[in-house]
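Have a look at the structure below, then the notes.
The values are calculated or read from the model by the stated rules, or taken from the named source; none is laboratory data. Because the structure is a prediction, the values reported are computed rather than measured. Here the Cβ is made from the backbone with ideal geometry for all residues, glycine too, and neighbour counts use every protein chain on show. In case anyone asks, the SASA skips ligands and DNA or RNA and just uses the protein heavy atoms, side chains included. Shrake-Rupley method; radii C 1.70, N 1.55, O 1.52, S 1.80 Å.
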Amino acid sequence: HAKFLSHEDPLPRTMEEAQIENDDRAIVITEATIPFNIVRVNSAWEHLCGYTNEECIGNTLRCIQGAETNQAAVTALMSQLLRGEEAATVLVNYRKDGSKFLNRLRVGILKDDQSSVTHFVGILKEVEEMADKFDNGSRILA
């Protein structure tokens with residue numbers, strides 16, 4: 001059975017919490033070092049983006065980026081992660097078939113038992129408009 005968690009629920013903090021197959025949120029796990037290769041995506045991510053887990057492993061999230069993806073927003077997001085902070089933005093991303101979608105992306109850090117950063121985790125949600133609001137009411141602009 002799927003876990004019915006909303007996009008605003010806390011991000012997973014450990015790889016164990018991110019065992020993601022039965023989560024209805026679209027989740028991607030990447031390495032915590034540049035170029036942030038994909039380690040795993042769940043079935044909700046496969047459905048949203050059109051790529052299978054097998055196609056994604058070892059590749060980067062550039063597979064869902066394209067001409068209208070705001071690279072400055074991507075860079076800012078990664079900078080926040082590398083400083084140890086959770087981050088969020090709205091980006092234009094692309095499915096495998098080339099169709100565009102607005103992606104409200106939240107990213108965070110996965111740590112091991114010694115509190116060392118092991119991976120990054122992202123939760124994607126397709127939204128209707130760029131200024132979609134988060135729970136705190138702040139507007140996120142890409």
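Observations on the model:
- A cut-off of 5 Å between modelled amide H atoms, ignoring neighbours fewer than 5 places along the same chain, links residue 37 with 31.
- Region 18-132 - percent of accessible surface contributed by carbon and sulfur, probe 1.4 Å: 50
- Applying both filters, DSSP loop and at most 12 other Cβ atoms within 10 Å, to the trypsin sites (Lys or Arg not before Pro) of region 19-127 gives 83.
- Loop sites in region 1-109: GluC sites (Glu not before Pro), DSSP, at most 15 other Cβ within 10 Å: 8, 16, 17, 21, 68, 85, 86
- Accessible area per residue for region 11-94 is 48 Å², calculated with a 1.4 Å probe on protein heavy atoms, without ligands, DNA or RNA.
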